[in-house]
């Protein structure tokens with residue numbers, strides 16, 4: 001087997017302005033303490049169910065989300081609250097984590113928002129911290145109904161609209177392809193492919209102009 | 001692009017570049033008249049439009065501070081967003097769906113036809129359909145309205161198939177893909193519709209008519225247009241004879257500028273236009289410019305609107321293709337036997353997942369809400385648009401407690417439904433549901449009015465100066481060289497989407513202005 005050494009060729013050396021590095025990786029002393037990576041106060045993590053629609057689309061099935069202001073427990077409570085407000089068994093935790101991320105961002109930027117969130121989560125848990133997420137579905141719904149209309153409820157519910165529904169995972173789950181212009185729109189991709197009702201007559205709906 | 005001097009008092013200043021301002025500017029430029037067109041927004045293009053509902057909203061929507069009051073649900077659900085209209089070159093013609101219907105003859109005589117209605121400030125227009133017909137024809141040709149001028153109708157998408165099947169089963173007769181200012185085949189240097197499905201987010205193919213890439217470039221080509229973008233007008237000035245003489249505006253750097261004017265035409269849509277007149281109050285005009293009638297800002301109309309969405313056992317994929325893909329016109333006539341005056345149109349509508357979540361049921365949550373989102377691809381939708389009653393108490397006023405980015409008072413939009421509006425909406429909701437049930441719907445939903453996309457009437461036309469703000473030409477009763485050129489002029493709203501009529505009035509107003517200028521009357 002012929003070995004071709006990887007080094008500077010004479011042809012390349014002729015170009016003065018082409019400074020190619022040798023390719024050798026310099027060893028650097030980096031302290032790998034976990035604390036250095038986690039500047040924030042909490043982490044949410046999970047795995048997209050293998051074989052699921054989203055696992056097939058995602059670059060990796062494992063995900064992690066760093067929280068700057070909320071604790072891990074608070075993040076988990078927010079996710080659980082999101083699932084009561086907008087219950088979608090088909091949406092993975094990864095989507096509800098986006099809700100926690102959005103609210104965490106608000107909390108990190110505004111002390112008042114942080115207070116509303118942390119106090120609200122305390123109300124959800126009642127006398128036992130961390131208990132909300134352990135309740136039954138029926139109990140969780142009853143608790144949420146009781147706080148309906150509060151500032152905390154309104155803040156979280158309002159955030160859900162964009163956090164849960166304005167992302168690629170939700171689009172894929174609900175069958176919405178999103179942007180269409182780069183694919184040429186739908187004029188040749190099924191804009192009138194519905195077969196379970198009769199086609200309107202040409203007078204009501206003329207055929208498309210295809211050149 | 002022409003460049004006119006700040007001190008050039010021979011120019012016509014047009015404020016706003018949408019359906020009214022953009023068209024008026026071009027019509028005047030074509031006649032050799034110099035126009036300074038001041039647009040508060042930036043200049044986008046088909047290339048910069050975004051097929052993403054929230055991102056596009058941030059790009060195109062008017063998001064300056066606004067407040068709301070009154071019993072309308074928009075004040076509760078969208079307190080800071082009374083209207084979904086635009087701040088961009090082309091105005092709301094970038095965002096509109098393209099529906100281009102003429103008013104019906106009796107709608108110009110709303111007071112005579114409907115009679116006096118308690119709590120409604122009805123008035124007949126000082127123009128008739130007959131007078132506007134030649135201009136409607138010009139507008140339809142200019143905009144390339146399907147089913148006029150030999151232009152074929154658009155092909156109907158799945159959403160329309162569902163509407164058509166249900167409507168015809170129910171006995172409706174006037175069901176078709178509408179009269180739309182969207183090219184069904186190449187025309188006027190623009191391609192035909194590719195059924196992109198993002199009409200509301202700016203047409204990336206240019207098939208839908210918008211002043212952005214029609215009127216404005218044509219005006220520029222004459223050499224008579226000086227378009228200044230990110231130029232936000234804050235005051236209209238006048239001399240001691242009461243003639244307007246200049247406008248002041250904030251330029252793109254936030255610096256205050258003054259542009260002299262021979263005449264000023266205001267086309268900022270029906271919230272900003274009266275706001276500007278009110279903000280321009282002076283010792284001579286203590287209630288704002290051109291407001292001797294007290295009607296500036298009043299009679300705000302947003303059309304009776306609402307939507308019906310329906311879920312089916314089988315897929316619809318309503319998002320594929322034009323947003324407003326077809327229409328049922330049978331309910332548009334005046335038939336008081338239904339229990340209300342005036343009529344309404346039923347037009348298909350589609351929203352993407354992000355906006356369905358935001359607007360289907362504002363404030364809604366829980367299992368039922370989630371059910372609708374999970375049935376997204378099996379959902380069809382329609383928008384109901386009908387004539388709402390003008391009321392003096394529905395009005396745009398200056399909110400002295402809330403300031404905009406320039407320190408000026410934000411506009412407040414106050415609105416209460418009239419009983420006629422409520423009765424009409426109830427009827428329309430029911431009919432919409434019946435259409436979808438006839439097509440096999442398993443579930444239907446009545447969606448309340450969105451932040452208003454049709455905004456009308458706040459500087460209305462009237463025969464007598466005491467009843468309104470402008471005459472039959474859109475010229476203010478009080479000030480000869482001050483014109484209103486947008487939907488604020490509408491005396492009543494009719495059942496039809498307003499853009500075609502706004503363009504029609506602008507073409508006609510340009511003829512009048514040119515004649516008046518030639519006679520040196522203004």
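The values are calculated or read from the model by the stated rules, or taken from the named source; none is laboratory data. Just so it is clear, the model here is predicted, and its values are computed rather than measured. We place every Cβ from the backbone using ideal geometry, glycine too, and count neighbours over all the protein chains shown.
Scanning the stretch A:133-144 for residues that are surrounded by fewer than 19 Cβ atoms within 10 Å (Cβ to Cβ) and either within 9 Å of chain B (Cβ to nearest Cβ) or modelled with pLDDT under 95 (or both) yields a total of 1. One residue stands out in the stretch A:183-211 among those that are modelled with pLDDT of 95 or more and more than 8 Å from chain B (Cβ to nearest Cβ): the one that is surrounded by the fewest Cβ atoms within 10 Å (Cβ to Cβ), namely A:195.
Test residue B:127 against the stated conditions and say whether it is in a helix (DSSP H, G or I), more than 14 Å from chain A (Cβ to nearest Cβ) and in contact with a strand residue (DSSP E or B) (Cβ under 9 Å, 6 or more places away or on another chain). Full working, then the answer.
On the way: in a helix (DSSP H, G or I): no; more than 14 Å from chain A (Cβ to nearest Cβ): yes; in contact with a strand residue (DSSP E or B) (Cβ under 9 Å, 6 or more places away or on another chain): yes.
In short, no.
Among the residues making up the stretch B:372-388, those that are within 11 Å of chain A (Cβ to nearest Cβ) and touching a strand residue (DSSP E or B) at 6+ places or on another chain (Cβ under 8 Å) are B:372, B:375, B:378, B:379, B:380.
Checking the condition touching a helix residue (DSSP H, G or I) at 6+ places or on another chain (Cβ under 8 Å) and closer than 25 Å to residue B:182 by Cα, which residue from B:123, B:129 passes? Steps first, answer last, please.
Numbers: B:123 fails: closer than 25 Å to residue B:182 by Cα.
The conditions single out B:129.
Report, by residue number, each residue of the stretch B:386-409 that is in a strand (DSSP E or B) and out of contact with any helix residue (DSSP H, G or I) (no Cβ under 9 Å at 6 or more places or on another chain). Scanning the stretch B:386-409 gives B:399, B:400, B:401, B:402, B:403.
Do we have residue B:516 as out of contact with any helix residue (DSSP H, G or I) (no Cβ under 9 Å at 6 or more places or on another chain), over 24 Å from residue B:276 (Cα atoms) and at pLDDT 95 or above here?
Working: out of contact with any helix residue (DSSP H, G or I) (no Cβ under 9 Å at 6 or more places or on another chain): yes; over 24 Å from residue B:276 (Cα atoms): yes; at pLDDT 95 or above: yes.
Answer is yes for this residue.
Name the residue that is nearest to the other protein chains (Cβ to nearest Cβ), counting only residues in the stretch B:179-188 that are in contact with a helix residue (DSSP H, G or I) (Cβ under 9 Å, 6 or more places away or on another chain) and part of a loop (DSSP other than H, G, I, E, B). Step by step, filter the stretch B:179-188, then rank; the result is B:179. Just one of the listed residues (B:358, B:310) is within 13 Å of another protein chain (Cβ to nearest Cβ) and assigned to a strand (DSSP E or B), and it is B:310. Taken together, B:102, B:109 contain a single residue that is at pLDDT 95 or above and buried (at least 20 other Cβ atoms within 10 Å of the Cβ), which is B:102. Residue B:352 meets all of the listed conditions (1) out of contact with any helix residue (DSSP H, G or I) (no Cβ under 9 Å at 6 or more places or on another chain); (2) within 17 Å of residue B:97 (Cβ to Cβ) but one, namely (1).
Of everything in the stretch B:314-333 that's surrounded by fewer than 24 Cβ atoms within 10 Å (Cβ to Cβ) and more than 20 Å from residue B:170 (Cα to Cα), which residue is farthest from the other protein chains (Cβ to nearest Cβ)? Reasoning before the result, please.
Of the stretch B:314-333, the ones surrounded by fewer than 24 Cβ atoms within 10 Å (Cβ to Cβ) are B:314-315, B:329-333.
Right, trim to more than 20 Å from residue B:170 (Cα to Cα) and you get B:314-315.
Values: B:314: 5, B:315: 8 Å.
My answer is B:315.
This table checks each residue for (1) crowded, with 23+ Cβ neighbours inside 10 Å; (2) facing another protein chain (nearest Cβ under 10 Å); (3) part of a loop (DSSP other than H, G, I, E, B); (4) in contact (Cβ under 8 Å) with a residue 40 or more places away in the chain.
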{"position": "B:148", "(1), (2), (3), (4)": "no, no, yes, no"}
{"position": "B:153", "(1), (2), (3), (4)": "no, yes, yes, no"}
{"position": "B:156", "(1), (2), (3), (4)": "yes, yes, yes, yes"}
{"position": "B:159", "(1), (2), (3), (4)": "yes, yes, no, yes"}
{"position": "B:163", "(1), (2), (3), (4)": "yes, yes, no, yes"}
{"position": "B:172", "(1), (2), (3), (4)": "no, no, yes, yes"}
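Applying the condition of being free of Cβ contacts under 8 Å to residues at least 24 places away in the same chain and part of a loop (DSSP other than H, G, I, E, B) to the stretch A:59-103 and asking which residue is nearest to residue A:45 (Cα to Cα) yields A:61.
Scanning the stretch B:323-347 for residues that are part of a loop (DSSP other than H, G, I, E, B) and closer than 14 Å to residue B:163 by Cα gives B:323, B:324, B:325, B:326, B:329. Filtering B:367, B:358, B:410, B:341 for residues that are surrounded by fewer than 24 Cβ atoms within 10 Å (Cβ to Cβ), free of Cβ contacts under 8 Å to residues at least 60 places away in the same chain and within 24 Å of the chain's Cα centre (by Cα) leaves a single hit, B:358.
Can you tell me which of A:64, A:89, A:97 is within 12 Å of the chain's Cα centre (by Cα) and either buried (at least 21 other Cβ atoms within 10 Å of the Cβ) or within 14 Å of chain B (Cβ to nearest Cβ) (or both)? I'd like the intermediate steps shown before the answer.
Values: A:64 fails: either buried (at least 21 other Cβ atoms within 10 Å of the Cβ) or within 14 Å of chain B (Cβ to nearest Cβ) (or both); A:89 fails: within 12 Å of the chain's Cα centre (by Cα).
The match here is A:97.
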